[in-house]
């Protein structure tokens, strides 16, 4: 979507039907999507919703608006926005105008690569294990990809393996940090874990760089970001609890509730 093709002056003054037609006329909306949006019957079916999450009792509708005239890397974009609060879409429109008048935004992104973790504990010979895994790197990657051939066919799949050794200090003390918000911690928590607030951040940053610190969230995904942050600060013994508190409950301490 380049050039001025997506420029629609006074878009906010049009009726809903006129807005839809204007967007379709500029090639940003196909006929099928136009009909679905114009009919107002494009919300998620209850049967489909029930297959997406647990304990479904209904589907909630929210307004779908368009942020207009955004320019990113010399291309014009229309930004779909689902919000319930007034003025947000209008504010984006005003910001887009200011940015467009200055040449628009410049942006770049890294490849969409995710990290999966396998944690192995109490190895009798860590260096021997590392050499064995490195030697069979190609075999391991091929094995992982054999389980998801469709993903590989679409350009995805396993790319590489990285090996990290996280040793406890001689004192054996591990600091466990829970990054979840207080409402989640109230539902389930591990005794002795710290909540990640400002005082805890200051305490962690003042600890020796070889301190053993493990980060925890619900399923082990969000806490990876916290672990990576501390690694970048020079900490050498940082780990992430694979599977989060859910895995902790299922595999270590069943007295911790799951949710």
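The values are calculated or read from the model by the stated rules, or taken from the named source; none is laboratory data. Just so it is clear, the model here is predicted, and its values are computed rather than measured. FYI the Cβ positions are ideal-geometry reconstructions off the backbone, even for glycines, and counts take in every protein chain you see.
The requirement of being part of a helix (DSSP H, G or I) and not assigned by TED's automatic domain parsing to the domain that holds residue 259 is not satisfied by residue 29. Count of segment 52-95 residues, restricted to those that are in contact with a strand residue (DSSP E or B) (Cβ under 8 Å, 6 or more places away or on another chain) and within 25 Å of residue 38 (Cβ to Cβ), is 21. Entry remark, segment 76-92: residues being under 24 Å from the mean Cα position of the chain (by Cα) and either in contact (Cβ under 8 Å) with a residue 40 or more places away in the chain or surrounded by fewer than 15 Cβ atoms within 10 Å (Cβ to Cβ) (or both) number 9 in total.
Of the listed requirements (1) closer than 26 Å to residue 109 by Cα; (2) loosely packed, with under 10 Cβ neighbours inside 10 Å, residue 5 misses just one: (2). Exactly one residue among 223, 249, 239 is part of a helix (DSSP H, G or I) and under 22 Å from residue 122 (Cα atoms), and that residue is 249. Residues that are in contact with a helix residue (DSSP H, G or I) (Cβ under 6 Å, 6 or more places away or on another chain), within 30 Å of residue 6 (Cα to Cα) and part of a loop (DSSP other than H, G, I, E, B) within segment 43-76 are absent altogether. For segment 185-220, which positions are in contact with a strand residue (DSSP E or B) (Cβ under 9 Å, 6 or more places away or on another chain) and either assigned to a loop (DSSP other than H, G, I, E, B) or within 17 Å of residue 115 (Cβ to Cβ) (or both)? The answer is 189, 190, 192, 193, 196, 207, 211, 214, 215, 216, 217, 220.
The set of residues in segment 242-259 being in contact with a helix residue (DSSP H, G or I) (Cβ under 8 Å, 6 or more places away or on another chain), surrounded by 14 or more Cβ atoms within 10 Å (Cβ to Cβ) and in contact (Cβ under 8 Å) with a residue 40 or more places away in the chain consists of 256 alone.
Against the definition (loosely packed, with under 12 Cβ neighbours inside 10 Å, farther than 30 Å from residue 227 by Cα and modelled with pLDDT of 90 or more), how does residue 50 come out, yes or no? Please lay out each step first, then the result.
Numbers: loosely packed, with under 12 Cβ neighbours inside 10 Å: no; farther than 30 Å from residue 227 by Cα: yes; modelled with pLDDT of 90 or more: yes.
No.
Scanning segment 103-113 for residues that are under 30 Å from residue 69 (Cβ atoms) and touching a residue at least 24 places away in the same chain (Cβ under 8 Å) yields 103, 104, 105, 106, 107.
Among the residues of segment 67-75, is any exposed (fewer than 10 other Cβ atoms within 10 Å of the Cβ) and modelled with pLDDT of 90 or more?
Checked segment 67-75: no residue is exposed (fewer than 10 other Cβ atoms within 10 Å of the Cβ) and modelled with pLDDT of 90 or more.
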